[in-house]
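Inspection log for the structure reproduced underneath, given as structure tokens.
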Amino acid sequence: PAIIADPLPTFQPAYYGIYFDYSYNFQLSDNVLTSTVAASETSVGIVVKDNCGESDRVYKNTIDNFTDALQGIGANMNIYDQRLGLNFICNNCGESNANGTDIKVGQGDVATNQGFIAGPNNLANNLFSDESAMHINNGGSMTMIYNYGTGNQRAVPINYTPNVVPQQLASGVNYNENCPPNPITNGVGNEGDRLNEIYTLEEDITNNKGLWQQLVDNGSTPNLEADIFFADNQTDYQDLYVEMMGIAPYVSIENLVNVTEISDFPELALRNIMVANPHSAREPEVWEALVNREPALSQQTLDDIEQEKQTITAKDVLEGDINAQELQSNALSIGLLEYYADENMNGENRSAEIKTHLKYRDEAHFRYGLIDMYIAEGNYGQAQAELNAVASECDMGDFQQEEYASLQIVYNIQIVALQNGIRLNQLEATDITALENVVANGMGTAVGRARNLLLLNGATDVYTEPILGTALGKTAIESALAGNRPATPKTGFNLYPNPAPKGHTLLQWNWFEAGLEEEKALKIHIRDVQGKLISTLTVDNPKRNTQLIPTQGYAPGVYMLTVEQDDKAISTHKLAVE
């Protein structure tokens, strides 16, 4: 039973059973949670916050008599494909006593396609409380596709918010057969077969990624970029049009932006190129370039391009295949590692196999598990070596690179302290300051690790665990995280590409994570190295989250870009112009 101490600790605004915060690669399964607190108190069975994984699952838990059975808060979807991320699968909500709400999520806080990674039938198949409950409350702007099967009325959501689209698939729902105990580790049995399956998938992924590279821009992005850059008359524009239509829908994002920046490129030709590459309307960078183009495009052209958002192309299918293979490989590795861990619990020493497999994966979050193992064993030199190797051996996007930079600070503090015989609850003042900076400005799991170390060292009010629905401010999700924002927000902004190619770069941010006030405009100032103001841009609505930064006419060199809100600087970047 979920029984929490009363009164609640200061970091906890409401009662809950299990709270997952800043975790990767997990399956939380086969728990039985029953609320025993008064109905007047807010209670939540399971909360998952900021996990950013690809195949995280809350699976086959029984959850009764809570205000909310399941909550997703913060960044729980994959940063490259929002269909992927946290999935609620096969949970039994309200079997004995109905919950107020069975599934509640905030702003884009779970995978938008629930059940996408459930298996060959792609079913979420949660069992819902009776009709007195809200079955799915999606509080964000992203539409949730909820996949379920036939034959079990409790698996059919009947009370849900408008931006939830229940999708019934032909497969039947037999809760015991379709939802076996712990399916990730179930049937590992022959680990050799599991390893071969992973290796085969990884080979398929490599081949498909190679094919993708060959197809995008005909395998030569720089050549197409040069064609776009040097085109300056109608004959060149016609040749460029034929070339780009010929390789559609595999034109790269950067070259869709580049062709948009040609001010006298014919509007009809530009419209046709974008329609032939439907990902153009789905990419904020391209859409910003189209909307802000000078001379302005007609509304009809923009409408035609936007209407193609839902079109599925061969490029989308290939990328979907790669995503699905990566998810399956990821899940199989998690299952194998869990199997090894179970073997350890049963007296078998499988540490070597665990280390070997963690080293085999090129995802950074697997490597962090390897580093943790070496630290736990006291092998600090090897832990440091593995930390350094992440930069060259792991495939990381912008988010992972920022997270890695933050984690280097946290890991180095741990390793140095332990090497010198300093207990982790007796860190130096300089280390405490560095950890506080990670909490204020860091990224991903580094923030949670830094908070834990601060708590070990007696810090108070480091963190409040957000709970959707608690009366802490303007709205549930905004108020829940408000206490975690630095007084002067310095996070959440990304300038890309940087160095900027001739013509433009793009400033992107998450207005909410950056702690911005939605009703106050942003000012973006660009100054040269002598401090002379070169340009000022105004963003009236911070929630738009993107701003194209024109750099035409800028001399090559380094500039300072500062973002201000309410006359306070909140983010500063060095902008290099080639």
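The values are calculated or read from the model by the stated rules, or taken from the named source; none is laboratory data. Here the structure is a predicted model, which means the values were calculated and not measured. Quick reminder, even Gly has a Cβ in these numbers, built from the backbone with ideal geometry, and neighbours come from all protein chains shown. Ligands, DNA and RNA are excluded from the accessible area calculation, which covers all protein heavy atoms including side chains. Shrake-Rupley method; radii C 1.70, N 1.55, O 1.52, S 1.80 Å.
The eigenvalues of the Cα gyration tensor, multiplied by 5 and square-rooted, give the chain an equivalent ellipsoid with semi-axes of 40, 30, 27 Å from largest to smallest.
Over the chain, dividing the summed -39,500 (n - 2.57) contributions of all DSSP H runs of at least 4 residues by the number of residues returns a 222 nm mean residue ellipticity of -11500 deg cm²/dmol. Here's the list of aspartates and glutamates a cross-link from LYS104 could span, going by alpha-carbon distance under 13 Å and ignoring same-chain residues fewer than 8 apart: ASP68. In segment 311-339, which residues have a backbone nitrogen under 20 Å from the label point lying 7 Å from LEU211's Cα in the Cα-to-Cβ direction? Within reach of a label on LEU211, which here means backbone N under 20 Å from a point 7 Å along Cα→Cβ, segment 311-339 contributes 312-330. The spread of Cα positions in segment 505-571, taken along each principal axis and listed from longest to shortest, comes to 34, 21, 17 Å. For SER220, the accessible surface of its heavy atoms amounts to roughly 30 Å² (probe 1.4 Å, protein chains only, rounded to the nearest 10).
I'd like the distance separating the alpha-carbon centroids of segment 85-112 and segment 404-452, in whole Å. For segment 85-112 versus segment 404-452, the Cα centre distance is 34 Å. Relative to one another, the C-alpha centroids of segment 532-564 and segment 32-71 are positioned 43 Å apart. Accessible surface computed residue by residue for segment 218-285, with neighbouring protein chains in place and a 1.4 Å probe, gives 45 Å² per residue.
Quick check on segment 275-343: take the gyration tensor over C-alpha atoms, sort the square-rooted eigenvalues as a ≥ b ≥ c, and tell me if it's rounded (a/c under 1.5), prolate or oblate. Judged from the Cα gyration tensor, segment 275-343 comes out prolate (a/c at least 1.5, a/b above b/c). The modelled label-to-label distance for the pair ASN412/ALA38, using points 7 Å beyond Cα in the direction of Cβ, is 5.2 nm.
Using a/c under 1.5 as the rounded threshold, could you call segment 136-251 rounded, prolate or oblate? The axes a ≥ b ≥ c are square roots of the C-alpha gyration tensor eigenvalues, and prolate needs a/b larger than b/c, oblate otherwise.
oblate
Placing a label point 7 Å from the Cα of ASP528 along the Cα-to-Cβ direction, the residues of segment 564-578 whose backbone N falls under 16 Å from that point are 575-578.
So between TYR19 and MET245, what do we pick up on full extension, going 0.36 nm a residue minus the alpha carbon distance?
Working: separation 226, 0.36 × 226 = 81.36 nm, distance 5.00 nm.
Gain on stretching TYR19 to MET245: 76.4 nm.
Beta bridges from DSSP with both residues in the chain: antiparallel share about 40 percent, rounded to the nearest 5.
Once the cut-off is 16 Å, how many percent of the Cα-Cα pairs in segment 375-468 end up in the long-distance tail? Can you show the working numbers first?
Working: 2492 of 4371 pairs.
Beyond 16 Å sits 57 percent of the P(r) for segment 375-468.
Taken over the Cα atoms of segment 247-372, the convex hull encloses 132 Å³ per residue. Just the protein heavy atoms count here, and of the accessible area of the chain at 1.4 Å, carbon and sulfur take up 48 percent.
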